[in-house]
Amino acid sequence: MGYKIYDRLDPLFETASLLLLCAQGDARFVREETIRHLNEFGLEGEAFYARHGKAYDKYFRVFAENQKLEPGDKELLQGSYAVFFMRVLPFLQDPSQVERKDWDARRLTESCVHACGVYFEEEWKLPLGETLRDAGALLELVRKMDLDEADRWRAFELLCDPVPSFLRMAALLERNLPAQKKAQQAVAKPLQAMIGGMGTDPLRLGGAYFVKKPQNVTSVWPSLAIAFGLLLVDEVGYCGLLCEPLMELAQGKGEADQMLAARLKALGDKTRLAIMDELRRPGGSYNAELAQKLGLTPATISHHLDLLLTAGLLEMRQEDKRLYCSVKERAVEEVAGALCRRFGGTEK
């Protein structure tokens, strides 16, 4: 297995994720959006949320009620700033960076460029040395980003001089750590049970549902802030505590009506059919490559891939820090077989 598994939440990651989540809307909005996505996956979202989502709902609400925002903080949680927000965490955890006034601007810029590459699934490399922060090179990189014009300029300003924004992000995080602690205490009992039931190898979910053989992962943390998913950030994995029951419900039904309906719904869209057609080629494709081939934005491609993945129609592998998707042929055969048995009139 080769990675350390923690039996507690990572306060910094949870706080950052909750702040970003709160920036999207209030508790009611988040609940409705979650149920809508569950319904899109072919599941009974209201029923699943009522059964499994109470702790997640309370955790979010208590944090939202206690978060402390100052003027200008919301800007740090939106658009291009949101792409860079999680990059603050390593600097807060790095003992050599305790005195944040001494943060290395070059290292921050490198971290931001890396974050852009991960987010937009591109291999962006800038020259090393003094030219790393060359305005022309940074401007050229920003022009490649799928952002509106105003947000591109904000990203450009941040890359050129990241220290002030990172200090503001760090202050925002530290100011809200008590809110995360209070939210965690409010769900202490169900949280303990959820972590206890996570299993000895959380990334088996990755192998089964998301990523084949995740590479270079050194540690795995449970997460309630990203309760419904699995997130790989460089060498760290965050496993949502509601990911397993969600995936077991979706996958465990096999050819039952609910799963068949989910797969048919996932296939019932011309864009997703075009994606499946591209992905059946040897080797598969990654997000940005698909976006370029089909003339769509990476965000649109990601939305459609999420639906196809959750329906179990695709599989993923990690290669050179990219996630490649390909068609899970057995799942497609199961759909065809279920339709033939049900409506074909013959065993064949």
Return only the number of the condition from (1) out of contact with any Asp or Glu (no Cβ under 8 Å at 6 or more places or on another chain); (2) closer than 22 Å to Ala16 by Cβ; (3) modelled with pLDDT under 85 that Gly207 does not satisfy.
-> (2)
Test: residue in the range 318-329 that is touching a Lys or Arg at 6+ places or on another chain (Cβ under 9 Å), small (Gly, Ala, Ser) and touching a residue at least 60 places away in the same chain (Cβ under 8 Å) | no
Would you please list the contacts, defined by Cβ atoms under 6 Å and residues six or more apart or on different chains, that run from a residue in the range 25-44 that is under 18 Å from Lys265 (Cα atoms) and in a loop (DSSP other than H, G, I, E, B) to a residue that is open to solvent by 40 Å² or more (accessible area, probe 1.4 Å) and at pLDDT 75 or above?
-> Gly42/Ala261; Gly42/Lys265
Go over the candidates Gln97, Gln78 one by one and state the one that is modelled with pLDDT of 80 or more and surrounded by fewer than 19 Cβ atoms within 10 Å (Cβ to Cβ).
-> Gln78
Can you work out which of the residues in the range 143-179 that are more than 25 Å from Gln292 (Cα to Cα) and small (Gly, Ala, Ser) is most open to solvent (accessible area, probe 1.4 Å)?
-> Ala171
Options Lys68, Lys4: the member that is out of contact with any helix residue (DSSP H, G or I) (no Cβ under 8 Å at 6 or more places or on another chain) and either at pLDDT 85 or above or open to solvent by 80 Å² or more (accessible area, probe 1.4 Å) (or both) | Lys4
At pLDDT below 75 and surrounded by fewer than 21 Cβ atoms within 10 Å (Cβ to Cβ) - does that describe any residue in the range 281-288?
-> yes
Would you check if there is a residue in the range 7-24 being part of a loop (DSSP other than H, G, I, E, B), open to solvent by 60 Å² or more (accessible area, probe 1.4 Å), over 18 Å from Leu191 (Cβ atoms) and of a type in the set (D, E, K, R)?
-> no
Kindly indicate whether Lys189 is within 22 Å of the chain's Cα centre (by Cα) and farther than 26 Å from Gln93 by Cβ.
-> no
Are any residues in the range 149-173 in contact (Cβ under 8 Å) with a residue 40 or more places away in the chain and acidic (Asp, Glu), and if so, which ones?
-> Asp151, Asp161
Can Ala266 be described as modelled with pLDDT of 80 or more, among the aliphatic types (A, V, I, L, M), buried (at least 17 other Cβ atoms within 10 Å of the Cβ) and part of a helix (DSSP H, G or I)?
-> yes
Hey, among Ala47, Ala55, which residue is at pLDDT below 90 and either closer than 30 Å to Leu260 by Cβ or open to solvent by less than 70 Å² (accessible area, probe 1.4 Å) (or both)?
-> Ala47
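The values are calculated or read from the model by the stated rules, or taken from the named source; none is laboratory data. Note that this is a predicted model, so its numbers are computed, not measured. Here the Cβ is made from the backbone with ideal geometry for all residues, glycine too, and neighbour counts use every protein chain on show. We work out accessible area using only protein heavy atoms, side chains counted, and drop any ligands, DNA or RNA first. Shrake-Rupley method; radii C 1.70, N 1.55, O 1.52, S 1.80 Å.
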